[in-house]
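What follows is calculated from the coordinates using simple rules that are stated; it is not laboratory data. Owing to the predicted nature of the structure, the values given are computational and were not obtained by experimental measurement. Heads up, the Cβs are rebuilt from the backbone with ideal geometry, glycines too, and the neighbour counts pull from every protein chain shown.
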Amino acid sequence: VYSYNILIRGFCSWGDISRSLKLFDSMQSSGCSPNYVTYNTLIDSFCKNGCVDDALKLLNQMRSRGVPPNLVTFNATVNGLCREKRVEEARKVVDEIISSGIVPDKITYNTLVNGYCKVGNLHEALILLEEMAQKGVAPNVVTYTSIIDGMCKAGNLRKALDFVSRMRERDVKLNEITYTTLIGGFSKRGFLDDAKLIMNEMVESGILPSVVSYNALINGYCGLERLDEALEIITEMEGKGLVPDVVTYSTLLGAYCRMGDLEMAFQLNEEMAKKNVFPDDVTYSSLVKGLCDVGRLSDALDLFSKMLSLGLCPDQLIYTALIDGYCKEGNTNKAFSLHDEMVKKGILPDVVTYSVLINGLQKVARTKEAKKLLFRLHFQDNIPDKVVYDSLIECCSKTKFRNVVSLLKGLCMKDLIDEADNVFSSMLEKNVKPD
RNA sequence: GCGACCUCAAUGGGAAAC
């Protein structure tokens, strides 16, 4: 069992769940029954690959086979649900384990707190923090870092700092991740000086900034289009013995693309390869979008096939960028053939993809087809489940909700009131309160 | 007794809206 567990773990961390599952089968057929660690490992990797529902199935399987799930099992599951923004379900799981007599630990609470922070529900996160205190579970660095990150992402930097003070009061030491979170939070909002001050503080307290810390800072410079300074930071980090990674280069390269300086972008692309840092799907996505934005669609397609030939996996984002490029050129046929291509490859178009397509059709005044597409989005079950409105509406975090609203607006503008009405009433059925 | 396989936080890419 022990060795199987380690092997399974190995394949999982390589992202190869199917091989893990094969091993899982073969261990059973060779008379070795999986224990709770085996299940936990598999459940966790399902969760981390966005397949919580499969994880839940495994959880049931382990119950029915008499392998009792433990707290680790539940924690992994709760985290999986949170990652998919299904925080309320996560909370239900926690409530259930409590009523079954299991006492949640710090990790359980941290996971939930982080889940709430990630969906922007800081209020609930803070309530949970209180609850932890009441139950005698002391918050640790992880708890505070999650909250600080939530505050930063919500743009509430002051509150973020309040929590830093609170950590100091309670003698909880900030670590590299906490500092990096702060650096990222401040620099993303353009407060580069503060970000640098924080980095200095970090060094003074004896923690060396990592590549990730520098990347966060560089991203701030890129946001303000101060790319020369960003380049200087790279030199600075190299001087400290840090090796810039894909993220470092992609951050800058993406910024050059956004500014329309494709020459520099491609130059960086070559430079990174020279240093044995290989462009990944994100890097390619930035470049492809950059090409699309300046109307070089066939170059974009060429680059895309190059990426495929390198064995990199395309995802919704890069397809959507391409599709948007073609829509904006008015070439909806090509856009749709790309859409079909991605579906064929099992890459599920999401709300953004559809919103791009619908906008494209409307622009070309093919409202009829926009209408059809919307219906498809709405009713058809043989296109990927995730795409139908149900999921859109069901887990209506604010951003997703807005997408529905914009679709509604579009429909109203095009005199498709009936369809808009349909969507609207289906929202009501799903118990979503329209605002 | 101690240890031991599994669970929590940070950085880059897509439309529109604001």
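Worth a mention:
- In Hz, Karplus ³J(HN,Hα) per residue of the range A:131-146 (6.51, -1.76, 1.60; θ = phi - 60°; x = Gly, Pro): 4, 4, 4, 4, 8, x, 9, 7, x, 10, 3, 4, 4, 5, 5, 4
- Considering the range A:191-287, its Cα convex hull presents a mean projected area of 5.9 nm².
- Distance (nanometres) between label positions extended 7 Å along Cα→Cβ at A:L348 and A:D16: 2.6 nm
- The HN-Hα couplings worked out from phi for the range A:303-320 by the Karplus form 6.51 cos²θ - 1.76 cosθ + 1.60 (θ = phi - 60°) are 5, 4, 5, 4, 4, 5, 5, 7, x, 7, 8, x, 9, 4, 5, 6, 4, 5 Hz, whole numbers, x standing for Gly and Pro.
- Inter-site label distance for A:Y2 and A:E204 at 7 Å from Cα along Cβ, in nm: 5.0 nm
- Reported value for the range A:87-188: 86 Å³ per residue, from the convex hull of its C-alpha atoms.
- Projected label points at A:S298 and A:Y36, each 7 Å from Cα along the beta carbon direction, are separated by 6.3 nanometres.
- In the structure shown, the pairs A:K159/A:K196; A:K48/A:K274; A:K334/A:K363; A:K289/A:K345; A:K85/A:K306; A:K118/A:K363 are assessed against 24 Å; a Cα-Cα span above that value is assigned to A:K48/A:K274; A:K85/A:K306; A:K118/A:K363.
- Scalar couplings 3J(HN,Hα) for the range A:19-32, obtained by applying the Karplus form with A = 6.51, B = -1.76, C = 1.60 to θ = phi - 60°, are 5, 4, 5, 4, 4, 4, 5, 5, 5, 6, 6, 9, x, 10 Hz; x denotes Gly and Pro.
- Here the range A:138-214 yields Rg over Rh of 0.93, to two decimals, using C-alpha coordinates and the Kirkwood radius.
- With contacts taken as Cα pairs under 8 Å at a separation of at least 6 residues, the range A:10-132 carries a relative contact order of 18 percent.
- The Cα atoms of the range A:136-268 define a convex hull whose projected area, averaged across directions, is 8.5 nm².
- Gap separating the Cα centres of the range A:105-120 and the range A:144-165, nearest whole Å: 14 Å
- Inverting the pair-averaged 1/r between distinct Cα atoms of the range A:1-137 gives 15.6 Å as its Kirkwood hydrodynamic radius.
- Local electrostatic count at A:N110 - Lys and Arg +1, Asp and Glu -1, tallied over other residues with Cβ under 13 Å: -1
- What separates the Cα centres of the range A:249-279 and the range A:183-213 is a distance of 24 Å.
- The range A:253-299 - convex hull of the alpha-carbon atoms, volume per residue in Å³: 62 Å³
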